[in-house]
Amino acid sequence: MSLQDSGNPDPQDDGPKADAPAPEAARRGRPRSEGVERAIFDAVGGLLEEGLPLSELSIERIARTAGVGKATIYRRWPGKEELFVELLRSLEPQDPVLTGVSVREDLVMLLEMLRQRGLAKRSSALLHNVFSQMQAYPRLWEAYQSTVIEPRRRLGLDTVRRGMELGEIRDDLDVEFVNDLFTGPLLLRTVIRPGATLEPGLAEQVVDAVMEGLRPRT
């Protein structure tokens, strides 16, 4: 099953004249430029909440529902995969800005983001819907992995390396293995055991327990 639209975007398409809006969109009127992205996200969310599967979400249909032209969407995103990934990012908690001062504090911030993301996925029917479908579409899953998951993983790896360089974490172990020790408990509770508790303070508990076990040997 493909997520690709048939045809290419028309570079001259700058509004509803090339894509006649649906009656409801026409009544709303075309959104002002500062609200265009929100209107597009709302259109995608509304269509998904109505039960439309990802495979049937075309750029043309999204544009009609949002009351914009297809070119308006293509100017912001190369295709549907990038649009869907950006929608997911807008629904998830923002990535933390690490201080770089304390290895422990940075690790806690990273794991707290994972905890908050797990809570958001549980509380948002839209997030749950998209995540339950997206792995069936390799291009969408790959886009999400490369633009969202991989940068977060690199943050964790960089923090672990810094901990090793500062002598706070054993440096005789593989960096990726150590990073997995920190993130594993949160991923277990958010992915494999979605009914497990994600109580406040969990991030600190995991970081302190793992760092205690990874203290450099004397």
Can you compute 3J(HN,Hα) from phi for each residue in region 58-63, using the Karplus curve 6.51 cos²θ - 1.76 cosθ + 1.60 with θ = phi - 60°, rounded to whole Hz and x for Gly and Pro?
8, 4, 4, 5, 4, 4
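Averaged over all directions, how much area does the convex hull of the C-alpha atoms of region 53-161 cover when projected, in nm²?
Taking the Cα atoms of region 53-161, their convex hull projects to 7.9 nm² on average.
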Projected area averaged over all directions for the convex hull of the alpha carbon atoms of region 143-209, nm², comes out at 5.3
Starting from the Cα-Cα distance between E176 and Q116, subtract it from 0.36 nm times their residue separation and give me the gain in nm to one decimal.
19.3 nm
Semi-axes of region 108-187's equivalent ellipsoid from the Cα gyration tensor, sqrt of 5 times each eigenvalue, largest first, rounded to whole Å?
29, 15, 9
With a 1.4 Å probe and all protein chains left in place, how much of the accessible area of region 44-135 comes from carbon and sulfur atoms, in whole percent?
47
Determine the per residue accessible area of region 126-218 with all protein chains present and a 1.4 angstrom probe, expressed in square angstrom.
57
Under a 1.4 Å probe, what is the accessible area of region 52-99 per residue, stated in Å²?
41
Given a 1.4 Å probe and every protein chain left where it sits, what share in percent of the accessible area of region 140-218 is carbon and sulfur?
55
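The values are calculated or read from the model by the stated rules, or taken from the named source; none is laboratory data. Given the structure is predicted, the values throughout are model-derived calculations rather than measurements. These accessible areas exclude ligands, DNA and RNA; they are computed on the full protein's heavy atoms, side chains included. Shrake-Rupley method; radii C 1.70, N 1.55, O 1.52, S 1.80 Å.
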